[in-house]
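Values quoted throughout were computed directly from the atomic coordinates according to the rules given, and no laboratory measurement underlies them. Predicted model only: the values in this text are computed from it and were never measured. Note: ideal-geometry Cβ built from the backbone for every residue, glycine included; neighbour counts use all protein chains shown.
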Amino acid sequence: MVRYCYIVAEGPQDIEFLICFFKSYSLKRVTLLSKLDSFWEPLVPKTFPINDDLMKRVPVPVFLQNSELSVALHSAIGITRLSNTIEESLAIIPASEIFGIGVFLDADDVETPQERFDKLKAELFPLGLSLPSTLGEVMKVKGSPKCGIFIAPNNNDSGTLEDILLECAKLNYPNLLSLSTNYVSSIDTNQLTSSDLKDLNKPAGKNKALISSISSILRPGKTLQVSIRDNRWIDEKTMALDSIKLIKKFLDEFILP
Amino acid sequence: MSQVFDRLQISGYRALKSVNLSQLGQVNIFVGDNNAGKTSILEAISILCNPLDPFQWLEVSQRRLYLGRSQLMTLRPNIEALKWTFNQKIGASNDEIYQAEILIEANGTAPISELKAKLGEIYGSGVEKNNQKSFEKDISSPEEEVSSPEIDSVRAGLELEIEVNIDSEKIPSGQMSLFPLDQKREIFLFWENERFVQRRRSKPIVKNATIFPSYSSSEPILERLSQIILQKENGKNEVLELIRSFDDNILDIQILSTPTATATLYIKHKELGLAPLYVFGDGFKRALVIALTLLTIANGVLLVDEIETSIHVSALGSVFSWLIETCRRREIQLFVTTHSLEAIDAMLEPQIATDNVVAFRLNNNGQAPQRFSGNLLHRLRSERGLDVR
């Protein structure tokens, strides 16, 4: 019997990052609707444009599957949409047949991971899921889907996915990381307007700039997702990192029978 | 806000083994595959509204036979059709005594809280041959004359036993005399090939009306309007007020006749002048049918099967926003079925408060209906573009 797992993450980078882990489970990305397990078909949008917005990306999950496991990874486009996305999806797929439901998000610097976890649990509570009592734990209750919440970088510290990617870059792209660090720190901010610096001055702005600088060398003109997918951010070497091992352990508990 | 029906539990009606519809809204949309039971729910509600009227049972049981034909009424009970309104035991042996039961439980402002109906086979001595012949000459087709004299000696029939629980505190003060007891029980006997006669007709416990897909072309609009004008002093003005809230260019409605044509309904329109109804669009005609219906069911229930039928996609929004607002003002609870995503979207348009709308997706695999709040339905459609049918 196929195990259906549904994971909602904050943004498209998170999704591409998680996909790297699923390579070790021998899962393949499904790119054709005709090849998609009918279980997930209700999650494929039937209407365009979404909300009358011609610019909005079609909110379709990424589907990965093999003969035993079928995973839908869904970008909620923002933390405020995480619980709504889960509620909406569970309303139209056979929710009782789901093996596991996971949530992956960033801690950021404003709230502690625990505060974010408590808030998210309160939002998810009305859905009747067996929610975990602690961060990073995968709750297993007979008769209901496994459920886990992971807050990057490590369920404990403030930060974002970029903190993990920086650790990976330290191992696999030390030269690019060192050059990028110099580049970002030597910027003459006097030549830039406040509008130019708006995103850089955000709490995780500098880290994001560093990672983007590295990815712009590895995959010039392409998004960070493409670089995460194509380059050596997650490989055997970086799998030895504590933060990466923690995510792998979380996914193992979540996905394996 | 409490509705006519806040919750319905329907068991044993047609293929509905047990369906629980909770937290009903002012507007209730039923979606689902063919044979999922959407129309059956509307039928069950219409029977619940008027359970002590045997003609309601006969009419509802035969709707599907006559749908799409101009003549809905039949002259005699159709025993098989009545049987099929009750859940049929699959694989039941012919030797078993036929007995079926429908149970509908309800909460809400409606004075009825429970309807229990039992149906069983009965047999009687045959009718005299002379009577049978003259009966057949009147209404039966020649192919039906296949009975042998032996079979004629025993007639098959059905006994319908109806029991309702009425909450007398919820009955409007002017109607107390209609339902003097908290519990009412009636038994009706229906015989195959025999006209059903009843000395009196029970009033509906809840005012209700059903609009069918076929009504757009066959509904006797002229007769209905005439009836309203004749029965209510201010009837025509009420129709005009309702239809003007749909199209404020309407000045008047008149029934006119010429020496060469029969009476026709004319609309006095600000831009078109006096024009016959048939030149107007489907959206307007549908709105007029609905307006004539709404006038008779204030504080009651309107049931619309396949609401999208005959309304062009471009007119769906205006018809629905008008319909929902009118139902809200007249405290009418609306139950609709649809196969159309456009119709669902039209009912979720910004001018309609999503709090009032609830959808249920029925399935034919025996699972409980999936309930969507208006807010969830709105998000599924507008944020995700998903198909909720």
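Details
- Estimated 222 nm signal from helices in the protein assembly as shown, with DSSP H stretches of n ≥ 4 weighted -39500 (n - 2.57), rounded to 500: -9500 deg cm²/dmol
- Computed Kirkwood radius, in angstrom, where 1/r is averaged over Cα pairs of the stretch B:210-382: 17.3 Å
- Theoretical gain in end-to-end length, residue B:232 to residue B:170 [0.36 nm per residue, Cα-Cα removed]: 19.7 nm
- Computed over the alpha-carbon atoms, the stretch B:190-303 gives an Rg to Rh ratio of 1.05, Rh here being the Kirkwood radius from the mean inverse distance.
- Rg/Rg_globular for the stretch A:56-101, with Rg_globular taken as 2.2 N^0.38 Å and Rg from C-alpha atoms: 1.23
- Cα gyration tensor shape of the stretch A:35-133, rounded if a/c is under 1.5, else prolate or oblate by comparing a/b with b/c: oblate
- Fewest-first ranking of B:312, B:269, using other Cβ atoms within 10 Å as the exposure measure: B:312, B:269
- Share antiparallel - DSSP beta bridges, the stretch A:1-152, percent rounded to 5: 35 percent
- FRET efficiency, residue B:156 to residue A:41 (Cβ-Cβ, R0 30 Å, nearest 0.05): 0.05
- Taken over the stretch A:142-257, the ratio of Cα radius of gyration to 2.2 N^0.38 Å equals 1.25.
- The Stokes-Einstein estimate for the stretch B:333-389, based on a Kirkwood radius over Cα pairs and taken at 4 °C with 1.567 mPa s viscosity, is a diffusion coefficient of 109 µm²/s.
- Rounded to 5, percent antiparallel among DSSP beta bridges of the protein assembly as shown: 65 percent
- Label-to-label distance, nm, for residues given as residue B:125 and residue A:230 (7 Å Cα→Cβ offset): 9.6 nm
- The residue among B:65, A:195, A:124 whose Cα reaches farthest toward the positive pole of the charge dipole of the protein assembly as shown, with charges on the beta-carbon of Lys, Arg, Asp and Glu, is A:195.
- In nm, spacing of pseudo-spin labels at residue B:339 and residue A:142 (7 Å Cα→C-beta vector): 4.5 nm
- Least to most buried among A:40, A:233 (fewest other Cβ within 10 Å first): A:40, A:233
- Cα point-scatterer Debye curve for the stretch B:259-337, base-10 log of I(q)/I(0) at q = 0.13, 0.17, 0.21 Å⁻¹: -0.48, -0.76, -1.01
- Using alpha carbons only, the radius of gyration of chain A set against its Kirkwood radius gives Rg/Rh = 0.97.
- FRET efficiency for residue A:97 and residue B:103, using Cβ-Cβ distance with R0 set to 41 Å, rounded to 0.05: 0.85
- The calculated P(r) of the stretch A:80-221, using every Cα pair and 10 Å bins from 0, goes 11, 31, 26, 21, 10, 2, 0 in percent.
- Shape class for the stretch A:1-60: oblate, because the ratio a/c of the largest to smallest gyration tensor axis (alpha-carbon atoms, square roots of eigenvalues) is 1.5 or more and b/c is at least a/b.
- Kirkwood Rh (inverse of mean 1/r, distinct Cα pairs), the protein assembly as shown, angstrom: 29.5 Å
- When each of A:46/A:202; A:35/A:119; A:202/A:245; A:208/A:249; A:28/A:140 is checked by Cα-Cα distance, pairs over 31 Å: A:46/A:202; A:35/A:119
- Residues A:125, A:22, arranged from fewest to most other Cβ atoms within 10 angstrom of their Cβ, appear as A:125, A:22.
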